[in-house]
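The values are calculated or read from the model by the stated rules, or taken from the named source; none is laboratory data. Since we're looking at a predicted model, the values are computed, not measured. Cβ placement follows ideal geometry from the backbone for every residue including glycine, while neighbour counts extend to all protein chains displayed. These area figures cover heavy atoms from the full protein model, side chains too; ligands, DNA and RNA do not enter into them. Shrake-Rupley method; radii C 1.70, N 1.55, O 1.52, S 1.80 Å.
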Amino acid sequence: MRSTRLATNAGGVLPAFCVPLCVSLLSAASSPLFAQAKPQANATAKATPIESAMDKLAAHPTVAAAFKALKSDNAWTLDQQASICQIPAPPFKEQARAAEYARRFRELGVQNVRIDKEGNVIGEIRGVRPGPTLLLAGHLDTVFPEGTDVRVKREGTKLTAPGIGDDCRGLAVVLTVARQVITQKIPFSGKLIVVGNVGEEGPGNLRGTRAIFAGPMRDSITMFISVDGTGFGVTNGGVGSNRYRVHYKGPGGHSYGAFGMPNPMHAMGRAIAKIADLEASATPKVTFNVGIVSGGTSVNSIPFEAIMEVDLRSETAAALAEIDARLQKALRQAVVDEKARWPKSTAALSVVIDTIGLRPAGSTPDSALIVRASLAAARTMNVYAPLTISSTDANVPMNLKIPAVTLDGGGVGRGAHSLDESYDDREDGYKGPQWVLLVVMGLLGAK
Ligand SMILES: [Zn+2]
């Protein structure tokens with residue numbers, strides 16, 4: 001599902017005045033010195049200031065207590081993961097899971113818990129002093145249709161069920177992090193907004209996150225973290241996609257008797273040949289794919305309709321728009337060419353293009369504080385966190401230039417989007433929530 005690139009292990013330089021006993025990474029970020037800091041290509045073993053700040057934060061009594069509890073009470077986190085997973089949440093049918101997720105937020109003491117018009121569960125944890133607003137989300141929806149058996153099977157540290165990793169793991173991590181932030185009274189600045197959002201998977205088209213960033217909260221959210229997936233990756237590149245279902249239509253007729261009229265299937269063949277010949281750049285990566293073709297009634301009929309589904313992707317919005325423009329031209333030119341093949345025919349031939357998916361592209365630079373804090377926290381945790389590019393809820397804020405990443409939730413996942421999906425907590429699954437908590441509290445200037 002993901003294309004991975006090497007981590008830069010971005011370290012960079014914090015201004016000296018911010019280093020002593022100061023873990024308020026955000027105030028460091030507003031310094032022009034910080035903004036100009038470049039990741040160090042050859043990071044030495046010596047900790048950078050941002051890494052030292054993370055080390056100090058991990059040793060803060062409230063954070064250390066949270067770490068200890070996340071480890072000793074790891075069974076609580078896994079119980080959340082398994083029990084949420086057993087509430088079906090097909091695309092556009094996340095209501096039951098949302099209601100239960102909201103109930104659990106309230107039970108933990110999360111404030112102002114509500115379900116918005118789109119179906120997102122939203123709650124707040126307020127800090128002890130003014131500061132930034134960070135939104136921490138997991139997604140409620142799965143790819144599985146109604147009627148799927150979502151009972152969780154446990155064998156040792158391994159849980160097996162559709163959706164157990166993607167994204168019941170993320171939902172459990174958000175819950176367990178919120179629980180520790182509240183119970184340990186970690187003294188952070190600003191506001192932590194915790195969310196279980198709808199519509200991340202394919203057909204949902206990021207509708208939950210879109211609704212959040214189209215609503216009144218948009219201007220107050222300064223950072224966004226989605227917990228999605230397993231392991232320790234940091235997704236800071238958001239692949240955008242445009243998806244279309246394309247219909248070529250004509251009157252159709254007998255393959256012998258009506259011969260000599262434009263054939264919608266032949267027009268689609270011309271279109272596919274043009275798509276196959278599109279030039280696509282490698283950097284930024286641009287891809288195109290005709291994934292499904294259908295239509296026709298019999299071998300001896302000129303079809304009245306031919307249908308195909310096309311997927312375009314890129315890491316940048318500009319490159320995606322550019323290949324999209326060439327696709328649209330090719331789809332229409334195929335009609336012109338097929339009509340020109342049969343100049344004497346008066347039979348109609350048309351193309352109808354339905355949009356079936358639009359995901360905005362975007363990225364958060366490797367040098368951004370949210371990325372560097374995520375990598376520095378991983379170093380403190382002694383885990384390797386690669387930077388990756390993927391299509392997640394973070395695409396939406398990235399596209400709006402709001403600092404955003406998607407963090408994995410720890411553990412080892414297998415078979416996402418398949419019926420035998422599994423999540424193995426092994427001996428150190430608790431490090432996932434510990435990592436997310438450290439990143440979030442570092443960004444919210446806990447001290
Ligand atoms: Zn997911």
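If exposed means no more than 15 neighbouring beta carbons inside 10 Å and the site is in a DSSP loop, what's the longest run of the chain without any exposed GluC sites (Glu not before Pro)?
Details: sites that count: 146, 279, 427.
With GluC sites (Glu not before Pro) excluded where exposed in loops, the chain gives 280-426 as its longest stretch.
Round to the nearest 0.05 the FRET efficiency obtained for residue 217 and residue 337 when R0 = 51 Å and r is the Cβ-Cβ distance.
Numbers: r = 49 Å, r/R0 = 0.96.
E between residue 217 and residue 337, to the nearest 0.05, is 0.55.
Per residue and in cubic angstrom, what volume does the convex hull of the Cα atoms of the range 326-366 have? Please report the intermediate quantities before stating the final value.
On the way: hull volume 3.0 nm³, N = 41.
It comes to 72 Å³ per residue, whole-number rounded.
Compute the long axis of helix 264-276 from its Cα atoms, compare it with the longest principal axis of the Cα atoms of the chain, and write down the angle in degrees, 0 to 90, nearest 10.
50 degrees
For residue 289 and residue 92 in the same chain, what is the full-extension length gain: residue separation times 0.36 nm, less their Cα-Cα distance, in nm? Present the calculation step by step, with values, prior to reporting the outcome.
Working: separation 197, 0.36 × 197 = 70.92 nm, distance 2.61 nm.
Result for the pair: 68.3 nm of gain on full extension.
Mean-square fluctuation check for the chain, GNM, Cα pairs under 10 Å: which of 283, 157, 148 is largest?
283
Leaving out ligands, DNA and RNA, and with a 1.4 Å probe, what % of the accessible surface on the range 154-251 is carbon or sulfur?
Numbers: 1310 of 2600 Å².
Carbon plus sulfur share of accessible area: 50 percent.
Do any of 93/191; 56/185; 56/431; 285/329; 71/447; 158/431 go past 19 Å between their Cα atoms, and which?
From 93/191; 56/185; 56/431; 285/329; 71/447; 158/431, over 19 Å: 93/191; 285/329; 71/447.
Suppose only helical runs count, i.e. DSSP H with n ≥ 4. What mean residue ellipticity at 222 nm does that imply for the chain under -39500 (n - 2.57) per run, divided by all residues and rounded to the nearest 500 deg cm²/dmol? All intermediate terms of the calculation are to be shown ahead of the outcome.
Numbers: 13 runs with 152 residues, N = 447.
That calculation yields -10500 deg cm²/dmol at 222 nm.
First obtain the Kirkwood hydrodynamic radius of the range 313-447 from its Cα pairs, then insert it into the Stokes-Einstein equation at 4 °C and 1.567 mPa s, and state the resulting D in µm² per second as a whole number. Show your work: numbers first, answer last.
Values: Rh = 19.0 Å.
For the chosen part, D equals 68 µm²/s.
Which three lengths, in whole Å and largest first, does the range 265-370 cover when its Cα atoms are put on their principal axes?
63, 25, 19 Å, listed from the longest principal axis down.
Given Cα pairs under 8 Å that are at least 6 residues apart, what percent is the relative contact order of the range 83-193? Working shown, then result.
Numbers: 175 pairs, mean separation 40.3, N = 111.
Rounded, it is 36 percent for the range 83-193.
Within the range 143-165, find all residues whose amide N lies under 14 Å from a label point positioned 7 Å from the Cα of residue 419 along Cα-to-beta-carbon.
The answer is 144-151, 161-163.
Springs between alpha-carbon pairs under 10 angstrom, Gaussian network model over the chain: which of 277, 366, 219 fluctuates most?
So, out of 277, 366, 219, the one fluctuating most is 277.
For the chain, set up a GNM with springs between Cα atoms under 10 Å and report which of 360, 61, 187 has the largest fluctuation.
61
Calculate how many DSSP beta bridges within the chain are antiparallel, expressed in % of all such bridges and rounded to the nearest 5. It would help to have the intermediate numbers written out before the result.
Values: 55 of 75 bridges.
Counting only bridges with both partners in the chain, antiparallel ones make up about 75 percent.
Translational diffusion coefficient of the range 325-395 at 10 °C, 1.306 mPa s, Stokes-Einstein with Kirkwood Rh over Cα pairs, in µm²/s as a whole number. The partial results should precede the final answer.
Values: Rh = 17.2 Å.
In µm²/s, the coefficient is 92.
With a cap of 14 neighbouring Cβ atoms within 10 Å, and only residues DSSP puts in a loop, list the chymotrypsin sites (Phe, Trp or Tyr not before Pro) found in the range 198-303.
Values: sites: 213, 224, 232, 244, 248, 256, 259, 288; in loops: 232, 256, 259.
Sparse-neighbourhood loop chymotrypsin sites (Phe, Trp or Tyr not before Pro): 256, 259.
Based on C-alpha coordinates, I'd like the Rg and Dmax of the chain, in Å.
Values for the chain (Cα only, Rg and Dmax): 24.9, 87 Å.
Express in nm, to one decimal, how much length is gained between residue 256 and residue 277 on full extension, taking 0.36 nm for each residue of separation and deducting their alpha carbon distance. Each step should come with its number before you reach the end.
Values: separation 21, 0.36 × 21 = 7.56 nm, distance 3.16 nm.
Gain in length upon complete extension: 4.4 nm.
For residue 353 paired with residue 148, estimate the spin-label separation in nm (one decimal), with each label point 7 Å from Cα along the Cα-to-Cβ line.
Roughly 3.1 nm, to one decimal.
Could you provide, to the nearest whole Å², the per residue accessible area of the chain with probe 1.4 Å? Write out the running numbers ahead of the final one.
Numbers: 18800 Å² over 447 residues.
Averaged over the residues of the chain, the accessible area is 42 Å².
Given the C-alpha centroids of the range 72-110 and the range 278-321, what is the distance between them in whole angstrom?
Value for the Cα centre distance between the two parts: 38 Å.
On a 1.4 Å probe surface of the protein chains, which of 417, 266 comes out largest in accessible area, and what is the full order?
Values: 417 75, 266 105 Å².
The ranking, largest first, comes out as 266, 417.
Return, ordered by residue number, the residues of the range 155-183 whose backbone nitrogen is under 18 Å from a label point located 7 Å along Cα→Cβ of residue 412.
155-161, 164-166, 169
Stokes-Einstein diffusion coefficient for the range 115-238 at 20 °C in a medium of 1.002 mPa s, Rh from the Kirkwood formula over Cα pairs: what value in µm²/s?
Estimated via Stokes-Einstein, D reaches 136 µm²/s.
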